[in-house]
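To start, the structure under review is shown below, and the notes come after it.
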Amino acid sequence: MSLKNISRRQLLATAGSVGLMTIAGCTTQQEAAAPAASEPAAVPAAPAAPAAPAVPVGVSMAALPPLEGDLTMYSGRKESLVGELFVMIQDKYPKLNLDIRYDKSTALANQIRVEGKNTPADVFYTVSTGALGLLKNEGMTVPVNADVISAGREGYLDPEGHWIGTSGRLRCIAYNTKEVDASTIPKSIFDLPKVEALKDKMGWAPTYGSHADFITCMRYLHGKDKTLQWLKDMKAAGVKNYAKESNVTEAILAGEIHAGPVNHYYPMRVKNDPTGHSYGSGDHIELAFTENDAGVFMNVAGATIVKNPRQNYELASNFIRHLLSIEAQQFFIGNMKFEYPMIPGLEADPRLPKLSEQKTPKVDLVKFASQDINETVALQEEAGVL
């Protein structure tokens, strides 16, 4: 398996500007309690209600220790999605020598396992919580500093600090509105292969990290037997295989297929990009959500420190802390990325589906991350999907 090495110079050559979004503001207690200067009260005023406590809005990179030294990161997130962020970080810290190797999350996790103590990886950054849990379970990760844990979002990190969620994503069913009516998409993911109108017109990306987490979540929530049957039912319904969920989105736009389970941001980027996204354009794609099952699972991209004898622990931990800085979080929610932030006080793009309106299943991400993703691979092989 080949890994793509990206140097700082190569990244800078393709750099784009990083837009910033507005931080949700808070009124201070003094401002809330201050009376109007031009209208003295004729009678004693009622006590003012106490102002809501200020909501922490994270920390800017300027307030963090500088990044200096050599750092190798294995990234299961595509360069096209996150490359600009790392260009920005390297541009800000010229004494940081960042070597990034891009590949699929599961491939990189298994690469680290094979390399063992000889791995050059200092940080593993991935779209797959399952891949993070796999490395933790095998004793190949090191906890981050306490300040990194405190900066993260409760419920979306390992309490011991072995991995930290850096941005959120929601599973959905994307569909072509020219071919499929919204009422055609079922409210249960298990009914999807039963929809006659979608027979031979669905697609998925079974080797993709997010899809692996989706199937792992199904195992976790609904059991192995029910998951295996669903996989077999989808195969019998003629589902088509694609390499990536962006490819699934492309195929839906083109009318090659009519629907498929993907991360929410793929159709969101397409339908909101007036210039046309790299994998298509058009307003004839929409998102549908199932209820209380793995089809509407809220998961995170995240990072961990990889254990190796040459590890610059402080640099690796500080680098992950930078992924939770205001600037990095604004990158994830802006720039047509459409991800959910992982620090308090930042609001997601208002065009995103509101999490409060979705009937997401209750998933303990720590227990979920402890599931063996290789069992998910084996299950898909048993179903004849892989």
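The values are calculated or read from the model by the stated rules, or taken from the named source; none is laboratory data. Being a predicted model, the structure only gives us computed values, none of them experimental. Don't worry about glycine lacking a Cβ; one is built from the backbone with ideal geometry, like all the others, and counts go over all protein chains shown.
For segment 228-272, the set of residues classified as over 21 Å from Gly76 (Cβ atoms) and part of a loop (DSSP other than H, G, I, E, B) consists of Ala237, Gly238, Val239, Gly255, Glu256, Ile257, His258, listed by residue number.
Return a yes/no flag: does segment 232-245 have any residue that is under 30 Å from Val59 (Cα atoms) and surrounded by fewer than 19 Cβ atoms within 10 Å (Cβ to Cβ).
In the first step, residues of segment 232-245 are kept if they are under 30 Å from Val59 (Cα atoms); the result is none.
Looking for residues that are under 30 Å from Val59 (Cα atoms) and surrounded by fewer than 19 Cβ atoms within 10 Å (Cβ to Cβ), one finds none in segment 232-245, hence no.
Within the group Gly302, Gly334, which residue is surrounded by fewer than 19 Cβ atoms within 10 Å (Cβ to Cβ) and either in contact with a Gly (Cβ under 8 Å, 6 or more places away or on another chain) or of a type outside the set (Gly, Ala, Ser) (or both)?
From the options Gly302, Gly334, the qualifying one is Gly334.
Return the residue satisfying two criteria in turn: it lies in segment 366-386 and is part of a loop (DSSP other than H, G, I, E, B) and over 18 Å from Leu135 (Cα atoms), and of such residues it is modelled with the lowest pLDDT. Steps first, answer last, please.
First, pick out the residues of segment 366-386 that are part of a loop (DSSP other than H, G, I, E, B): 370-372, 383-386.
Those left that are additionally over 18 Å from Leu135 (Cα atoms): 383-386.
Values: Ala383: 97, Gly384: 96, Val385: 95, Leu386: 91.
Only one residue fits best here, namely Leu386.
Scanning segment 177-227 for residues that are more than 25 Å from the chain's Cα centre (by Cα), surrounded by 18 or more Cβ atoms within 10 Å (Cβ to Cβ) and not in a helix (DSSP H, G or I) turns up Val180, Lys201.
Flag: Ile189 matches the condition of being out of contact with any Leu (no Cβ under 8 Å at 6 or more places or on another chain) and at pLDDT 95 or above.
Evaluated against (1) within 28 Å of Trp230 (Cβ to Cβ); (2) polar (S, T, N, Q); (3) in the same structural domain as Lys78 (by TED's automatic domain parsing), Ser317 falls short on exactly one condition, (1).
Restricting Glu347, Glu291 to residues that are assigned by TED's automatic domain parsing to the domain that holds Lys178, part of a loop (DSSP other than H, G, I, E, B) and among the charged types (D, E, K, R) narrows the list to Glu291. Could you tell me whether segment 314-324 includes any residue that is more than 18 Å from the chain's Cα centre (by Cα), at pLDDT 90 or above and of a type in the set (S, T, N, Q)? Checked segment 314-324: at least one residue is more than 18 Å from the chain's Cα centre (by Cα), at pLDDT 90 or above and of a type in the set (S, T, N, Q). Counting the residues of segment 83-101 that are under 16 Å from Gly209 (Cβ atoms) and without any contact (Cβ under 8 Å) to a residue 24 or more places away in the chain gives 0. Restricting Ala45, Ala51 to those that are at pLDDT below 60 and over 28 Å from Ala348 (Cα atoms) reduces the list to Ala45. Of everything in segment 136-151 that is under 27 Å from Pro309 (Cβ atoms) and not aliphatic (A, V, I, L, M), the residue that is surrounded by the fewest Cβ atoms within 10 Å (Cβ to Cβ) is Gly139.
Determine if segment 143-158 includes at least one residue that is assigned by TED's automatic domain parsing to the domain that holds Pro267 and aromatic (Phe, Trp, Tyr). Within segment 143-158, not a single residue is assigned by TED's automatic domain parsing to the domain that holds Pro267 and aromatic (Phe, Trp, Tyr).
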